[in-house]
Amino acid sequence: MSRIGKKPITIPAGVTITIGDGNLVTANGPKGKLSQKIDSDMKLTLEDGVLTVERPSEQKRHKALHGLYRSLLNNLIIGVSQGYKNELELVGVGYKATNNGNIIDFSLGYSHNIYLIVPSEIKVETKMEKGKNPIVILETVDKQLLGLVSAKIKSLRKSEPYKGKGIRFVGEVIRRKAGKTAGKK
């Protein structure tokens, strides 16, 4: 049995779950509204504020989908009740980020600035304090979309292992390498 799939999902106060035809699960909460289509083989039960996902058989496909859909539904419920937030840090001399609405203007040491249009579901904020690295803060209810946009931003200037320059999550540790002069003595 799937360890993740068999865990029940408790629904917090203020969140309503509706299971429509075709296993379309819609969650409505204080932060927003999200929906997720679930495979028609999976059985969903909602009783006393607890949502459970059950699989019909022990087929390999059903075992794979069991934990997946439980995790997707859990992320859905956490998103509409609490929301998700990522903070990205720009490490490097002269690296800057400013936003105008949902358009982020990056200055990352290239010969030109990079403009990135972020989906309207994501709230963008940039912080540039003197003596600290610029920070881009992304907030939304959709965890999948947040991860996708964060990965796209990180790919604009990947963190390199020699000087540690690039875009990374706040608190992320980059494994550093010694330069070629370290071996000579």
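The values are calculated or read from the model by the stated rules, or taken from the named source; none is laboratory data. Since the model is a prediction, treat every value here as computed from it, not as a measurement. Methodologically, a virtual Cβ is constructed for each residue, glycine included, from the backbone with ideal geometry; neighbour enumeration extends over all protein chains shown. Heads up: the accessible areas ignore ligands, DNA and RNA and are worked out on the full protein's heavy atoms, side chains in. Shrake-Rupley method; radii C 1.70, N 1.55, O 1.52, S 1.80 Å.
Observations on the structure shown:
- Stretched out straight at 0.36 nm per residue, the stretch from K127 to E58 would grow longer than its current Cα-Cα span by 19.8 nm.
- Solvent-accessible area assigned to carbon and sulfur over the chain amounts to 51 percent, based on a 1.4 Å probe.
- S57, S111, reordered so the largest accessible area comes first (probe 1.4 Å): S111, S57
- Over the chain, accessible surface divided per residue gives 62 Å², non-protein components excluded, 1.4 Å probe.
- Local net charge near L24, Cβ-Cβ under 12 Å (Lys/Arg +1, Asp/Glu -1): -1
- Region 1-116, dipole about Cα centre (Lys/Arg Cβ +1, Asp/Glu Cβ -1), debye to the nearest 20: 300
- Violating pairs (Cα-Cα greater than 29 angstrom) within the set K6/K154; K60/K152; K123/K154; K31/K163; K37/K85; K123/K163: K6/K154; K60/K152; K31/K163; K123/K163
- Normalising the average separation of contacting C-alpha pairs (under 8 angstrom, six or more residues apart) by the number of residues puts the relative contact order of the chain at 17 percent.
- Label separation (R3 vs Y162): 4.2 nm, computed from points 7 Å beyond Cα along the C-beta direction.
- Virtual spin-label span in nm between S155 and H112, 7 Å along Cα→Cβ: 1.8
- 5 Å-binned pair-distance histogram of region 125-185 (Cα, whole percent): 3, 15, 19, 21, 16, 11, 7, 4, 3, 1, 0
- Extending 7 Å from the Cα toward the beta-carbon at both D48 and Q36 defines two label points whose distance is 2.3 nm.
- One decimal place: the segment I135-E172 gains 12.0 nm when fully extended, by the rule 0.36 nm per residue minus the C-alpha distance.
- Label point at D21 placed 7 Å out along Cα→Cβ; residues across region 40-75 whose backbone nitrogen lies under 19 Å: 40-44
- V170, V50, V15, ranked by accessible area, largest first (probe 1.4 Å): V170, V50, V15
- Protein-only accessible surface order, largest first, of F169, F106 at 1.4 Å: F169, F106
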